[in-house]
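The values are calculated or read from the model by the stated rules, or taken from the named source; none is laboratory data. It should be emphasised that the depicted structure is a prediction, and the values quoted were computed from it without experimental measurement. Methodologically, a virtual Cβ is constructed for each residue, glycine included, from the backbone with ideal geometry; neighbour enumeration extends over all protein chains shown.
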Amino acid sequence: MEPGHPQSISIPDDRPSPLIALAGPTAVGKSALAFRLAEHFDRAGAGAEIVSVDSAQLYRGMDIGTAKPDAATRARVPHHLLDLLDPAESYSAARFAEDAAAAVAAIRSRGRVPILVGGTMLYFRALLHGLSPLPCADPVLRARLDTEAAARGWPALHARLAAADPVTAARLHPHDAQRIQRALEILELAGRPPSVLRTAAPPAARLGARLAFALPANDRAALHRRIAERFQRMLVAGLLDEVKRLRARGDLHLGLPALRAVGYRQLWLHLDGACDLDTAVARALAATRQYAKRQLTWLRAEPGFVALPDAEPEALRVVLRAWSAADSQLRA
């Protein structure tokens, strides 16, 4: 089943096709590879649909800065879990797992191949492996942590977390307020480190056959160049105006999960007068590089993902060969 030489694929209703999961750092080329895969399955007669595994593409009105597929791409290949929420709303990994599992089931019911693609590794973990029950949010405790952070700074709270749970702290940036706060909240309410609770996660809901692949970005300098080039294209496409429209609504603020997305936060602060545009762009690029580093760190520790070659044509061949072998086993 080589690219360019599609074979006819017939998927029995009672034996759904293996889903394909593609994970990797931002700007590594995940979406392009997923689209190429979907095109191949279309030529082969099976068809495919893409499920976004991206915590920012969920939000309406946040199109350019999240690298959301454009209308033409979405017309050629159906996409799911885009534009679900208003930026004022929140979302969770547990809810994602439910929504993504429903999307996978619907795609399979149409006899098509589900392709999950994105870089939000917590979402992949929630769907593929499940999440352990964690304590609910405690507004009083969160307010206390916010007050302490205002007085001492989030790096000080990160240091406290590192002393109690070095595994969790190691994958969090010292200024990642949202996740540091949640980790300390879990630690205090559950009396156990979040890393221990997550290690004991129950099995995920049955998803049937699945193949998980990672685009590893072995050439870090090349990845950084792609990050810079993509952000420049976003600016040319109107990212600053997109942020202006969100800011003009009046009901959004930087404390919301949606506005913590890299790029949006830095340009918002520029519009607030905190820095000039060049400084905002430099900070956005630095934040994106740090985000990519965290994604790679998480991905290396995530079980079940097979590393793909850097070159897209070879990566495409590896995925298709693995899918063909797995599908043949299902139908043997």
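Identification of helices (runs of 4 or more DSSP H) wholly contained in the range 86-158 with 3 or more residues that are closer than 27 Å to ALA301 by Cα and modelled with pLDDT of 90 or more yields 93-109, 121-128. Taking the range 172-190 as the range and being part of a loop (DSSP other than H, G, I, E, B) and either modelled with pLDDT under 85 or within 20 Å of the chain's Cα centre (by Cα) (or both) as the test, the residues that pass are LEU172, HIS173, HIS175, ASP176.
If you go through the range 246-274 and keep only what is under 14 Å from THR66 (Cβ atoms) and in a helix (DSSP H, G or I), you end up with LEU246, ALA258, LEU259, ARG260, TYR264, ARG265, LEU267. Scan the range 296-309 and tell me whether some residue there is exposed (fewer than 15 other Cβ atoms within 10 Å of the Cβ), closer than 26 Å to ARG225 by Cβ, among the acidic types (Asp, Glu) and in the same structural domain as PHE41 (by TED's automatic domain parsing). No: the range 296-309 contains no residue that is exposed (fewer than 15 other Cβ atoms within 10 Å of the Cβ), closer than 26 Å to ARG225 by Cβ, among the acidic types (Asp, Glu) and in the same structural domain as PHE41 (by TED's automatic domain parsing). Number of residues in the range 44-59 that are surrounded by 14 or more Cβ atoms within 10 Å (Cβ to Cβ) and assigned to a loop (DSSP other than H, G, I, E, B) equals 8.
Within the range 275-332, the set of residues being farther than 20 Å from HIS40 by Cβ, in contact (Cβ under 8 Å) with a residue 60 or more places away in the chain, part of a loop (DSSP other than H, G, I, E, B) and not small (Gly, Ala, Ser) comprises GLU302, PRO303.
Residue-wise test of (1) charged (D, E, K, R); (2) touching a Cys at 6+ places or on another chain (Cβ under 9 Å); (3) more than 20 Å from ALA261 (Cβ to Cβ); (4) free of Cβ contacts under 8 Å to residues at least 40 places away in the same chain.
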position	(1), (2), (3), (4)
GLY153	no, no, yes, yes
HIS158	no, no, yes, yes
ALA164	no, no, yes, yes
HIS173	no, no, no, no
GLU185	yes, no, yes, no
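When you look at ARG74, is it touching a helix residue (DSSP H, G or I) at 6+ places or on another chain (Cβ under 9 Å), of a type in the set (Lys, Arg) and outside any loop (DSSP other than H, G, I, E, B), yes or no? In short, no. Residue under question is VAL243, and the condition is that it be in the same structural domain as ALA280 (by TED's automatic domain parsing), crowded, with 18+ Cβ neighbours inside 10 Å and outside any helix (DSSP H, G or I); does it hold? For VAL243, the condition - in the same structural domain as ALA280 (by TED's automatic domain parsing), crowded, with 18+ Cβ neighbours inside 10 Å and outside any helix (DSSP H, G or I) - is not met.
The C-beta contact set for the range 257-273 (first residue over 19 Å from GLN181 (Cα atoms), second residue buried (at least 20 other Cβ atoms within 10 Å of the Cβ) and not aliphatic (A, V, I, L, M), distance under 6 angstrom, 6+ apart or interchain) comprises GLY263/GLY65; TYR264/GLY65.
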